[in-house]
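Just so it is clear, none of the values below were taken in a lab; they were calculated from the coordinates. Bear in mind that the values here come from a model prediction, so they are computed numbers and not experimental data. As a convention, Cβ positions derive from the backbone with ideal geometry for all residues, glycine included, and neighbour counts pool all protein chains shown.
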Amino acid sequence: MRRPGWLAPALALLSIAVVSACSGSAAEDETPAPFAGCGTLTAPPPSAAAAPLLSAAAAAPPASGAAGGAAPPVAAGAAASPGVALPDLWLPCFTGGEQVALRDLRGPAVINLWASWCGPCRTELPVMQRLAEQAGGRLTVLGVDTGDSRADGASFAAAAGVTMPTLIDSDKKLLSAVGRITLPVTIFVDAAGRYVAHPLPLDARSLADKVRTHTGVTVTP
């Protein structure tokens, strides 16, 4: 049976579209990330005087492809209470496929939830980067790119000079688990693993005040 004259060009266009879509997906997965690796987030402290691990999670990472499971979420908009442990979540490191257990973070710690599409986050994230540079080994500082595409997150961070270790949370699991629905959110964790979630953007002075209040670490604004 002879094919209609229009069929061959149509099939060619369809093939090009499929190849382009696949190439775009692959390119996004391979977007270079400006962030540091996540190996130091759960590493033992360099000395007994340094901050201890928050906990020693015995559970294995979730099956490949799963970002982790959370305890029953707090009602949206509810304030985090001092004394509450970090959600039992595993999130992938932005620079690689390894999963990081939040409850294994070396504390005290500051966790900043941000996204490239969030205007206040774009102003606040460089402030968090400066905190990471000032904190040295006294404070673990990391970002969580939330509800964002990998390409957009990496592009914004590179332009803003953000290199602190960063996790990626496309499904907003952590945001939901701490009872928040909007970004940015900054989570302050003390050395015992208790956290407080702050839902508004912070400038350098406000951030330094809250770091001192909630983690006991003093930094210069």
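Students often get this wrong: which residues of the stretch 169-190 have the backbone nitrogen under 17 Å from the point 7 angstrom along Cα-to-C-beta of Trp117?
From the stretch 169-190, the list is 169-176, 181-185.
At R0 = 35 Å, how high is the FRET efficiency between Ser170 and Asp203 if r is their beta carbon distance? Nearest 0.05 is fine. Don't skip to the end; give the middle numbers.
On the way: r = 28 Å, r/R0 = 0.81.
The pair Ser170/Asp203 has a calculated efficiency of 0.80.
Name the long-range amide H neighbours of Lys172: under 5 Å, sequence gap of 5 or more, or other chain; modelled H, no Pro or chain starts.
Close amide H contacts, sequence-distant or interchain: Gly147.
With θ taken as phi - 60° and the coefficients 6.51, -1.76 and 1.60, list the Karplus ³J(HN,Hα) couplings across the stretch 154-164 in order, rounded to whole Hz; mark glycine and proline as x.
5, 5, 5, 4, 5, 5, 8, x, 8, 10, 4
For the stretch 120-200, calculate the relative contact order in percent as a whole number, restricting contacts to Cα pairs under 8 Å that are 6 or more residues apart. Working shown, then result.
Numbers: 82 pairs, mean separation 20.7, N = 81.
The value is 26 percent.
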